[in-house]
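K.L.:
This is the structure I want to talk about, given as structure tokens.
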Amino acid sequence: YQLYLKGRFYWNKRTPDALKIAIDNFKAASEKDPNFALAYVGLADSYLVDLYVSRGKEKEAIPMAKAFATRALEIDPSLAEVHATLGMANTQLWNWAEGEKGLKRAIELNPNYPSARHWYSRLLRTEGKYDEGFEQIMQAKKADPLSLAISTNAAENLLEKGDVQGAIEESRRTLEIGPSWTAYRVLANCYLRLGQKEEALANARKSAESLNGSAVSLKVLGYVQAVIGNRNEALAIAKEIEDKYSKGEADGRDVAVVYAGLGLNDKVFEWLEKDFQNRGTSLTELQMEVPFVPLRSDPRFKDLVKRMGIPE
């Protein structure tokens, strides 16, 4: 159990390096006790969360996550944690109904399990149900006020509601807990909304630096450079991410975000279509991505949501 707790500690940091340590600890826990269901849940959760901070691992990560979660389910089908994990995995696979079923079952079994509320909130936002998503993330935050991921998602929800100052305050609280590239991303978007270009750029740079220039966070810097008028810098970042895409180190959405900032909408949908054809897990964040908000009324955006089968 101590190995499991140590694994969760590193899992909560949400960085590639920390997730590797988390996996090592969950594996050690499962080796000490092959019937310890939570260890397998931890392993599954690590592979799933790694999809948010890394690229090019989908084909390996999701089958691994489902296999570990299935093993945990065989050991103890009454665990809320395992139903939440399976719900999350199904959401990544665009199995929306199964995803919702698993997350709701987890909440039914344990209404205070933070990750179930957190992931259900994300599913609701994926479906464009932002008010319901906000209710769930606030329940998750109440259950775990020290979670970096939950706190940054709460900040995102506040920004979606138009509470820019609230989002800034929540992001700053997150950074008091620990470093978070997503908190810097939210701050960058908040300052863009307020027209404070230098603050937006400074936070975008911190976001990119937090993940060592990974496409996951580099797109934030590219988007901000575009919006504040630094077109050449933005185009250079778009090209860099395109190069990463060719190596399997970026998703189409990463490139599309920068082109959205540049107002090159045809390019945006060209790159989003690549993710659609690959059934990319990254595309589940389509309706959560700030740069795509102005595109929600575009018929191509609505068509993409429809083809993904996302419930309305």
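K.L.:
When region 209-234 is examined, which residues are found to be aliphatic (A, V, I, L, M) and at pLDDT 95 or above? Working first, answer last.
P.N.:
First, pick out the residues of region 209-234 that are aliphatic (A, V, I, L, M): 211, 215-216, 218, 220-221, 224, 226-228, 234.
If the condition is that a residue be aliphatic (A, V, I, L, M) and at pLDDT 95 or above, then Leu218, Val220, Leu221, Val224, Ala226, Val227, Ile228, Ala234 are the ones that fit.
K.L.:
OK, next. Give region 6-65 a look and list any residue that's under 16 Å from the mean Cα position of the chain (by Cα), among the polar types (S, T, N, Q) and open to solvent by 20 Å² or more (accessible area, probe 1.4 Å), or say none.
P.N.:
Hits for region 6-65 are Asn12, Thr15.
K.L.:
Here's another thing I want to ask about it. Taking only region 121-173 into account, find how many residues are part of a helix (DSSP H, G or I) and closer than 19 Å to Trp11 by Cα.
P.N.:
At the first step, the residues of region 121-173 found to be part of a helix (DSSP H, G or I) are 121-126, 130-143, 148-160, 164-173.
Right, trim to closer than 19 Å to Trp11 by Cα and you get 122, 137, 140-141, 143, 148-154.
Summing the residues that are part of a helix (DSSP H, G or I) and closer than 19 Å to Trp11 by Cα in region 121-173 gives 12.
K.L.:
Another question, if that's okay. Cβ-Cβ below 7 Å, separation at least six or inter-chain, first residue in region 130-155 and among the aromatic types (Phe, Trp, Tyr), second open to solvent by 20 Å² or more (accessible area, probe 1.4 Å) and in a helix (DSSP H, G or I): which pairs?
P.N.:
Final answer for the pair search is Tyr130/Glu160.
K.L.:
Right, next: I'd like the full set of residues that are surrounded by 24 or more Cβ atoms within 10 Å (Cβ to Cβ) and over 12 Å from Asp144 (Cα atoms), limited to region 103-118.
P.N.:
Leu103, Ala106
K.L.:
Inspect region 66-77 for any residue being among the charged types (D, E, K, R), more than 19 Å from Leu19 (Cα to Cα) and either surrounded by 18 or more Cβ atoms within 10 Å (Cβ to Cβ) or touching a Pro at 6+ places or on another chain (Cβ under 7 Å) (or both) and give the result as yes or no. Don't jump to the end; show me each part of the working.
P.N.:
The first filter runs over region 66-77 and keeps only residues among the charged types (D, E, K, R), leaving 66, 71, 74, 76.
Retained after the next criterion (residues that are more than 19 Å from Leu19 (Cα to Cα)): 71, 74, 76.
Remaining after also requiring either surrounded by 18 or more Cβ atoms within 10 Å (Cβ to Cβ) or touching a Pro at 6+ places or on another chain (Cβ under 7 Å) (or both): 71.
For region 66-77, residues among the charged types (D, E, K, R), more than 19 Å from Leu19 (Cα to Cα) and either surrounded by 18 or more Cβ atoms within 10 Å (Cβ to Cβ) or touching a Pro at 6+ places or on another chain (Cβ under 7 Å) (or both): present.
K.L.:
Of everything in region 104-147 that's within 20 Å of Ser282 (Cβ to Cβ) and of a type in the set (A, V, I, L, M), which residue is nearest to the chain's Cα centre (by Cα)?
P.N.:
Leu123
K.L.:
Sticking with this structure for a sec: Regarding Glu127, is this residue touching a Pro at 6+ places or on another chain (Cβ under 9 Å), acidic (Asp, Glu) and open to solvent by less than 30 Å² (accessible area, probe 1.4 Å)? Outline the logic, then answer.
P.N.:
Numbers: touching a Pro at 6+ places or on another chain (Cβ under 9 Å): yes; acidic (Asp, Glu): yes; open to solvent by less than 30 Å² (accessible area, probe 1.4 Å): yes.
Considered against the rule, which asks whether it is touching a Pro at 6+ places or on another chain (Cβ under 9 Å), acidic (Asp, Glu) and open to solvent by less than 30 Å² (accessible area, probe 1.4 Å), Glu127 comes out as yes.
K.L.:
Another question, then. Within the set of pairs 6+ apart or on separate chains, which have a first residue in region 286-312 that is touching a residue at least 12 places away in the same chain (Cβ under 8 Å) and among the polar types (S, T, N, Q), a second that is open to solvent by less than 40 Å² (accessible area, probe 1.4 Å) and assigned to a helix (DSSP H, G or I), and C-beta atoms under 6 Å apart?
P.N.:
From region 286-312, the pairs are Gln287/Thr126.
K.L.:
Which of the residues spanning region 178-194 are among the hydroxyl-bearing types (Ser, Thr, Tyr) and either open to solvent by less than 10 Å² (accessible area, probe 1.4 Å) or outside any helix (DSSP H, G or I) (or both)?
P.N.:
Our first condition is that a residue be among the hydroxyl-bearing types (Ser, Thr, Tyr); within region 178-194, this holds for 180, 182, 184, 191.
Result: Ser180, single match.
K.L.:
Which condition number in (1) free of Cβ contacts under 8 Å to residues at least 40 places away in the same chain; (2) within 19 Å of the chain's Cα centre (by Cα); (3) open to solvent by 10 Å² or more (accessible area, probe 1.4 Å) is the one that Trp96 fails?
P.N.:
Condition (1) is where Trp96 drops out.
K.L.:
I'd like the full set of residues that are of a type in the set (Phe, Trp, Tyr) and either over 27 Å from Tyr245 (Cα atoms) or part of a helix (DSSP H, G or I) (or both), limited to region 80-100.
P.N.:
Here is the first cut: in region 80-100, the residues of a type in the set (Phe, Trp, Tyr) are 94, 96.
Residue satisfying the conditions is Trp96 alone.
The values are calculated or read from the model by the stated rules, or taken from the named source; none is laboratory data. Keep in mind the model is a prediction, meaning the values are calculated, not measured. Glycine also receives a Cβ, built like all others from the backbone with ideal geometry; neighbour counts cover every protein chain displayed. Areas reflect the complete protein model, heavy atoms only, side chains present, ligands, DNA and RNA absent. Shrake-Rupley method; radii C 1.70, N 1.55, O 1.52, S 1.80 Å.
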